[in-house]
Amino acid sequence: MLRQSLALALALIAAACHTPTSPSDGQATIERGRLSGVVTIGPNCPGPEQNGTPCATPPSAYAARKILVYNEARTNLLFTVDIDSQGLYVIDLAAPAKYTVDLKPNGIDHTSDLPKVVDIHANTVTRVDVNIDTGIR
């Protein structure tokens, strides 16, 4: 009796842990693509660099800017992506497709890297790095 109960319990656990992997199992696997990159902001202080070292970018400078992801035609804003304190961003996009990536600037910022149409593929990381010129001289 104990063995039968244990076998039944194990069978129920195995069935609960089963993840369908094909459409015939009742669920299709959702393919995703990833967009990531590094944002560089500068210059961050007026005048020449001191000792050949540029002024560090404060974390608040990254927090004030966002990466914007639109549909390809740029008619719908789909995602607003935070940039971390090291200048990194990442987002998993639910559907492989073409998207327009842009920047929500701060002040007189500008970049020649964006806007940009990117083609996101399933199970692939597409990298878009962004250099932001703050206009500080």
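Laid out as a table, the results:
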| read-out | value |
| --- | --- |
| Unique residue being in contact (Cβ under 8 Å) with a residue 24 or more places away in the chain and over 15 Å from residue 105 (Cβ atoms) when the list is 67, 91 | 91 |
| Entirely in the stretch 45-137, the strands (runs of 3 or more DSSP E) that have 1 or more residues that are open to solvent by 80 Å² or more (accessible area, probe 1.4 Å) and at pLDDT below 95 | 98-104 |
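The values are calculated or read from the model by the stated rules, or taken from the named source; none is laboratory data. For clarity, every value in this text was computed on a predicted model and none was experimentally measured. Quick reminder, even Gly has a Cβ in these numbers, built from the backbone with ideal geometry, and neighbours come from all protein chains shown. Calculation scope for accessible area: heavy atoms of the full protein, side chains included, ligands and nucleic acids excluded. Shrake-Rupley method; radii C 1.70, N 1.55, O 1.52, S 1.80 Å.
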